[in-house]
């Protein structure tokens, strides 16, 4: 029988609850391993998960999301649990360490896993171009499950008994000094949003009057985002324009990029505007549920077959009207 | 203070190519597909060259595990962009090869650099590849080299006068975590960074090619285990949609449809 360790930092939130549910569904003996500044609160939240034990590494040294201390904590938890399968949420903090820890523990890791069932995992290769069902016989087997791929654990909270695990830390040469976020008015990436608006380079091109209208494009896009609380994605060509120093959409950065060298976000709905090319429509939309596109080119081969509805229209005119409607409600 | 900046990067099929899996698994006509340097490794190479240019005495190495013949083609382009010394390992570049098999090859190649000094060592690479997309290789390379200052999804590195550096790493929600590291050695898995692609420089190209060809000739052939992962299936997604094309509809009608749709 497998010993399944659910391994997470204690402040991972919903992705941790999703991963815990996936770990439980694997069967076997469930052990929980948590690390962070304080692990008791989260241990209490999941006290009803029927783990045979809850192991914890807690203290100020583990408050920071830092490779040296996180990897040491995770290594100690894995070794203490004697796990054969380790399941972790694919947060940025866990993604930073999971393969390194697997190496330390003599294990192998599979990351960006999107499904776990019947002894196989599902993950994608070549930037979401092809999907694989695969497994390993090697143990311990580390699995990092992407957020949004499993229903979250929803058991009753309780009072958990956490068994403390000691860790010997190496010399710390790294200190996390803070988080840099865009101003709230410029915050355009919202992973939990229902809708993803994808903006393409067409927004910055010359319009029928022979002029570019970048400031208006920026206002229309931000107006839509503010009214709907949608998340903003971008084609590579648009963010590359920003990197080349051209005066383009001021809130756009590489972090918005979706597709081959960007992200593949998960949202219920996606609306692409002024996009021409595979990246936004094929790869970047891989995990978007319902999809619509606004495009002047009726023959855009990238939108056809990828979007549910293609509006052949001027995105400036349509989005202006959309924002007016939203404002009037 | 100077740095030995080692960039780890392999090759991937040109993103514009149609890819199809075949038994193995492998890509159909894999050796015939035009290749490019992995996109995130590509960014990290620019960042490495930029850093080396600004810190006197620094040098950039590019360590690559890839089929020698394909790597040679890719180097014709890459060699025009930035000065570096190539250390080539003749091995697989397939996304289906386990990262745990590739990382030791890279680590051994790094260890073989004459005069390698850990106190000056910065190991760069992409935070993920465009083939496997696992984000595993750099972590394992760091572990094999005994480096516990590791950063993934790096977009910016700022070196201080005292040799310390500030790193911006991507985290959730479009934010960056800011860290301060006392100094080398460190592993940095780069995201897109902040530098545009440098223009081709024929002088750099000539200088690089003089060393690239011998490095390719010296590349040792390696074999890696291919049975670590049991692939039950690898398939293209079936996501062809029946797209409804809406033409000649006034903008305000389209807007009404869209608003109703997003509010469903």
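Coordinate-derived values only; no laboratory data. The structure presented is a predicted model; accordingly, all values stated were derived computationally and were not measured. Note that we place each Cβ from the backbone using ideal geometry, even for glycine, and neighbour counts take in every protein chain shown.
Candidates B:159, B:229, B:154, B:234: the one that is surrounded by 15 or more Cβ atoms within 10 Å (Cβ to Cβ), more than 9 Å from chain A (Cβ to nearest Cβ) and under 30 Å from residue A:116 (Cα atoms) is B:154.
Each row is one residue, and each column tells you yes or no for (1) within 11 Å of chain B (Cβ to nearest Cβ); (2) surrounded by 18 or more Cβ atoms within 10 Å (Cβ to Cβ).
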| position | (1), (2) |
| --- | --- |
| A:175 | yes, no |
| A:202 | no, yes |
| A:212 | no, no |
| A:221 | no, yes |
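Taken over the stretch A:118-155, the criterion of being in a loop (DSSP other than H, G, I, E, B), more than 8 Å from chain B (Cβ to nearest Cβ) and over 13 Å from residue A:287 (Cβ atoms) is satisfied by A:118, A:119, A:139, A:140, A:150, A:151, A:152, A:153, A:154, A:155.
This table checks each residue for (1) at positive phi; (2) touching a residue at least 12 places away in the same chain (Cβ under 8 Å); (3) in a loop (DSSP other than H, G, I, E, B).
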position	(1), (2), (3)
B:122	no, yes, no
B:131	no, yes, yes
B:138	no, yes, no
B:161	no, no, yes
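So if I check each of A:79, A:53, which one is out of contact with any strand residue (DSSP E or B) (no Cβ under 8 Å at 6 or more places or on another chain) and within 16 Å of residue A:6 (Cβ to Cβ)? Result: A:79 is the single residue among A:79, A:53 that is out of contact with any strand residue (DSSP E or B) (no Cβ under 8 Å at 6 or more places or on another chain) and within 16 Å of residue A:6 (Cβ to Cβ). Residues considered: B:82, B:66, B:52. Of these, the only one that is more than 14 Å from every other protein chain (Cβ to nearest Cβ), within 23 Å of residue A:124 (Cβ to Cβ) and touching a residue at least 24 places away in the same chain (Cβ under 8 Å) is B:66. Just one of the numbered conditions (1) closer than 20 Å to residue A:218 by Cβ; (2) in contact with a strand residue (DSSP E or B) (Cβ under 6 Å, 6 or more places away or on another chain); (3) within 11 Å of another protein chain (Cβ to nearest Cβ) is not true of residue A:303: (1).
Cβ separations smaller than 9 Å between residues 6+ apart or across chains give the following pairs from the stretch B:18-29 residues that are on the phi > 0 side of the Ramachandran plot to residues that are surrounded by 12 or more Cβ atoms within 10 Å (Cβ to Cβ): B:24/B:94; B:24/B:96; B:24/B:226; B:24/B:231; B:24/B:234; B:29/B:20. Looking across A:39, A:32, one residue alone is surrounded by 24 or more Cβ atoms within 10 Å (Cβ to Cβ) and within 13 Å of residue A:155 (Cβ to Cβ). It is A:32. Counting only strands (runs of 3 or more DSSP E) that sit wholly inside the stretch B:1-56, those with at least 2 residues that are more than 19 Å from residue B:200 (Cα to Cα) are B:4-8, B:11-13. Of the residues making up the stretch A:103-113, those that are closer than 19 Å to residue B:97 by Cα and more than 8 Å from chain B (Cβ to nearest Cβ) are A:106, A:107, A:113. On inspection, residue B:189 qualifies as closer than 22 Å to residue B:85 by Cβ, assigned to a strand (DSSP E or B) and within 21 Å of the chain's Cα centre (by Cα).
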